[in-house]
1. Based on DSSP loop calls and a cut-off of at most 13 other Cβ atoms within 10 Å, the longest stretch of the chain free of exposed GluC sites (Glu not before Pro) is what?
2. With a 1.4 Å probe and all protein chains kept in place, how do Leu257, Leu172, Leu34 rank by accessible area, largest first?
3. Taking the chain as a Gaussian network, Cα atoms linked when under 10 Å apart, which of Ala43, Ala315, Ala323 shows the biggest mean-square fluctuation?
4. For the chain, what is the relative contact order in percent, using Cα pairs closer than 8 Å and at least 6 residues apart in sequence?
5. Is the C-alpha gyration tensor of the range 282-333 telling us rounded, prolate or oblate? Criteria: a/c under 1.5 is rounded; beyond that, a/b larger than b/c is prolate, otherwise oblate.
6. Give the shape of the range 190-311 as rounded, prolate or oblate, defined through the alpha-carbon gyration tensor: a ≥ b ≥ c are the square roots of its eigenvalues, a/c under 1.5 means rounded, and otherwise the shape is prolate if a/b is larger than b/c and oblate if not.
7. If Phe202, Phe185 are ordered by their accessible area, calculated over protein heavy atoms with a 1.4 Å probe, which sequence runs from highest to lowest?
8. Suppose only helical runs count, i.e. DSSP H with n ≥ 4. What mean residue ellipticity at 222 nm does that imply for the chain under -39500 (n - 2.57) per run, divided by all residues and rounded to the nearest 500 deg cm²/dmol?
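The values are calculated or read from the model by the stated rules, or taken from the named source; none is laboratory data. Since the model is a prediction, treat every value here as computed from it, not as a measurement. With ideal geometry, Cβ positions are generated from the backbone for all residues, glycine too; neighbour counts draw on all protein chains shown. Only protein heavy atoms, including side chains, enter the accessible area calculation; ligands, DNA and RNA are left aside. Shrake-Rupley method; radii C 1.70, N 1.55, O 1.52, S 1.80 Å.
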Amino acid sequence: MNAEAPVEPGRVVLLTASHRVAPGLLSWPAWQTLHTADRVLCADAEHPQLPYLREAGVAVEIAAPTAQELVDGCAGGRTAVVLTTGEGDRALTDGLARMAGSGRVRMPDLELLPGSYDLPGARLLDLVQVMDRIRRECPWSSQQTHKGLAKYGIEEAYELVEAIEDGDRDELREELGDVLLQVVFHARIAQEASGEEGDEPFSIDDVAGTIVDKLVHRHPHVFGDARAETPEDVKEHWLRTKAIEKQRESVTDGVPLGQPGLALAAKLAGRVRTAGLDVELPTAEGGDRAVGYELLAMAVRAEAEGHDPEAALRAAARAYRDAIRAAEATTRD
């Protein structure tokens, strides 16, 4: 008497899809698997993929089987696809793991099939959603204005510079996130403008679209027919297109006067040098103004020699701080 052939255990496919990709945009292997499966199951009747699967002729059972039920249903070589929910169906996957680890069950083939992948920058969508909720539900964030947040933008920018100068990669990543938060926060506030007082609303998409258009326009050597072989060529393109866009009456237009003094002096000196102007530096005899003019002359000289006077002074101040701490340690000893 011949022994009965063992029953084929079948196949279980856990199909995942990124919520950051539009529903229905699934990979070709995912569509093939869905169309050839014996059963397609989903525990969430409101799953965003369901309308697109039904439109494509894929029958989906709204069910949440246990691990044992799913394994039993695959007996005989059947394939079951489970469309995972946003929470990940932890009970089912834990159950399958326990059964597989027991060694007492002939398990079906288990496969994790990504139906879609995050594109670069996809987590920015999460940031926009989180910011939107915080703006609506947080008592502090919901009351903030552009003016009220301005000081934080300055602080975060300085902290970013410090992280760069320290060479701390972990700190750099965190500070970049804090600066990005300021951008998203301000854009979210701007989205609420009523337009009644002349303030037209705009969103983070408008902000991104504006900078994309600007970058494309100012890089004709990348997105157009212009040629640029050196960094100097690139800078020339940038300045030329920027001048056409802004139609400024003075080379000093657009230079923020609220920035630190050395940085301001270097920026003005750079504008003068680029424009080919011959401007005599102011002088004075004695007093605070004389000291200021001496610092101005040093900043202009540093800029002309290719140095950033603001960064150089910060580096010198940090060295001075270290010397102070060393002196303090000696005193304590």
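1. So the longest stretch without any such site is 88-191.
2. Output order, biggest surface exposure first: Leu257, Leu172, Leu34.
3. Answer for the Gaussian network model of the chain: Ala323.
4. 13
5. oblate
6. oblate
7. Largest accessible area first, the residues go Phe202, Phe185.
8. -18000 deg cm²/dmol
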